[in-house]
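The values are calculated or read from the model by the stated rules, or taken from the named source; none is laboratory data. Source: prediction; values computed, not measured. Note that we place each Cβ from the backbone using ideal geometry, even for glycine, and neighbour counts take in every protein chain shown. Surface accessibility is based on the protein's heavy atoms, side chains included, excluding ligands, DNA and RNA. Shrake-Rupley method; radii C 1.70, N 1.55, O 1.52, S 1.80 Å.
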Amino acid sequence: MRRKHALTVVVAAAAVAGVGLFATLRPAPHTPAVASTEGDAPSRPVGASGPAAGDTTASLRAGQGPGLDEAVRELDLIRPSRPKRAEDFTVALVRGETLKLREQRGKAVMVNFWATWCPPCREEMPAMERLYRRHQKRGFVLLAVSVDTDASLVRPFLEQHKLTFPVTLDAKMDLANTYGVRALPASFLIDRDGYLAALALGPRAWDNRAAHALIEGLLAQ
């Protein structure tokens, strides 16, 4: 079974559990996996207004101002129910360098899981590039984690779309499983102290006013 049948592209949000962000992918032997969540939280379309179910009382870590909270609401992001450090990792980038999450302390980090065969992933890439270019010099790190099983597809895609942010390959889904990624695209926002700040399931307009305010707020912490 090809990997692209093992992940379902999502357009629905899911609740964040205190010990995990959502269910680990567990495809049946002969059946494609479907996006699902643990618990009874209802799903809803990406872009729906208002906070996610169970999110009304959740807040980002202390010290974040109302402008950042407003950006989270506008982008329809999911927030952890309690402070939780992002799982550390070290990855080799397709352009030859190595990126260690623990070395990014003091910076705002976005980790985006994607694949070349995922239409919503491709849709949000240009906006991610614009977000990265605008805030990179201020300490914003954007890591795109490709779960493509055919690595030869990734570099031509990056060159075609002139994407300059760091990209790593995760064909065996080691990092995706560590972060509990069940569907694509999925983006994790990590604050300057290494804590998970928010999660986006499905594509976002990463170059709009709210997205820039989000990164600026994380950098200002």
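Please work out which one of (1) touching a residue at least 12 places away in the same chain (Cβ under 8 Å); (2) open to solvent by 20 Å² or more (accessible area, probe 1.4 Å) is the condition residue 159 fails and give its number.
Of (1) touching a residue at least 12 places away in the same chain (Cβ under 8 Å); (2) open to solvent by 20 Å² or more (accessible area, probe 1.4 Å), only one is false for residue 159: (1).
Tell me which residues, restricted to region 141-173, are polar (S, T, N, Q) and either touching a Gly at 6+ places or on another chain (Cβ under 8 Å) or in a strand (DSSP E or B) (or both).
146, 168
So, in region 182-214, how many residues would count as being open to solvent by 10 Å² or more (accessible area, probe 1.4 Å), more than 17 Å from residue 86 (Cβ to Cβ) and in contact with a Pro (Cβ under 9 Å, 6 or more places away or on another chain)?
Total meeting the criteria: 3.
Kindly evaluate residue 70 against the criterion of being open to solvent by 20 Å² or more (accessible area, probe 1.4 Å), assigned to a loop (DSSP other than H, G, I, E, B) and over 22 Å from residue 149 (Cα atoms).
Taking the combined requirement at face value, the residue does not satisfy it.
Could you list all residues from region 127-143 that are more than 14 Å from residue 108 (Cα to Cα), of a type outside the set (Asp, Glu) and free of Cβ contacts under 8 Å to residues at least 60 places away in the same chain?
The answer is none; no residue qualifies.
For region 199-215, which residues satisfy the criterion of being out of contact with any strand residue (DSSP E or B) (no Cβ under 6 Å at 6 or more places or on another chain) and part of a strand (DSSP E or B)? Spell out the reasoning first.
Here is the first cut: in region 199-215, the residues out of contact with any strand residue (DSSP E or B) (no Cβ under 6 Å at 6 or more places or on another chain) are 202-214.
Those that are out of contact with any strand residue (DSSP E or B) (no Cβ under 6 Å at 6 or more places or on another chain) and part of a strand (DSSP E or B): none in region 199-215.
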